[in-house]
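The values are calculated or read from the model by the stated rules, or taken from the named source; none is laboratory data. Predicted model only: the values in this text are computed from it and were never measured. Here the Cβ positions follow ideal geometry from the backbone for every residue, glycine too, while neighbour counts run over all protein chains shown. For the accessible areas, the whole protein counts, side chains as well, though only heavy atoms, and no ligand, DNA or RNA atoms are used. Shrake-Rupley method; radii C 1.70, N 1.55, O 1.52, S 1.80 Å.
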Amino acid sequence: MTPDSLRAALRGVPEPDWLDTALRRVAAEPATIERFFPAAGRRCGRAPLPGAPGWSADEAARALLLAALPTDHATHAETRYRQGDAAEKRAVLKALPLLPVGAAGTPLLHDAIRTNDTRLLAAALGPYARHLDPDAWRQAVLKCVFTGVPLAVVHDLDARADGELAAMLASLAAERQAAGRAMPADATDLLTRLREIQEA
């Protein structure tokens, strides 16, 4: 997803003129993001965007506001995350791959993964999760299995999954079997794929 594709997906939202004005103002006066960012849900709506699968209108609008900033993207992203409600935090996490922040947003991923909000966990495992080190990434994937977050949300799952993750999943599967509980089907499928790779 790119800012241009998000902008195209937002063409049919309520109050498109508000968004145009907000983007111009934020580009010229970065401090105004403090006012526009929280208002995006009310002004643009919260409906899913058909043209941007996995994104809601408010998330896309907030990502565009962050992308419109002329400088200090990492600082603004962290401020909006730390001060925001759950919806605003999700928008920041999903915006990170669109911003010129390098690895500076990684602490926000760690924060999201520590929470009990499964929607934040899912948002943290998008494309920007490439900045997580292997140990943190594996633990985040395992938390998805524990909390019922579909593994389909994990960006580059098959590319990053390795023997150590397979061992962790196998251990969890054994524990669950002993307790008479099933593993989620997507976790079982992943473990099967990883075992096939190891045996090949």
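Listed here are the residues, each with its yes/no results for (1) of a type in the set (D, E, K, R); (2) under 17 Å from residue 152 (Cβ atoms); (3) crowded, with 21+ Cβ neighbours inside 10 Å; (4) modelled with pLDDT under 95.
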position	(1), (2), (3), (4)
96	no, no, yes, no
101	no, no, yes, no
105	no, no, yes, no
108	no, no, yes, no
111	yes, no, no, no
124	no, yes, yes, no
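Looking only at residues in the stretch 1-15 that are over 16 Å from residue 92 (Cα atoms) and open to solvent by less than 50 Å² (accessible area, probe 1.4 Å), which one is farthest from the chain's Cα centre (by Cα)?
Ranking the qualifying residues of the stretch 1-15, first place goes to 13.
Cβ contacts < 9 Å: first residue of a type in the set (Val, Ile, Thr), restricted to the stretch 179-196; second residue open to solvent by 60 Å² or more (accessible area, probe 1.4 Å), any location; separation 6+ or different chain. Result?
Taking only residues 6 or more apart or on different chains, the pairs are 188/182.
Residues being closer than 17 Å to residue 189 by Cβ, open to solvent by less than 50 Å² (accessible area, probe 1.4 Å) and not in a helix (DSSP H, G or I): count how many of those fall in the stretch 126-161.
3
Could you tell me whether residue 46 is touching a residue at least 12 places away in the same chain (Cβ under 8 Å), surrounded by 15 or more Cβ atoms within 10 Å (Cβ to Cβ), among the basic types (Lys, Arg) and at negative phi?
no
Mind telling me which of the residues 87, 63, 112 ends up being part of a helix (DSSP H, G or I), touching a Pro at 6+ places or on another chain (Cβ under 9 Å) and among the small types (Gly, Ala, Ser)?
It is 63.
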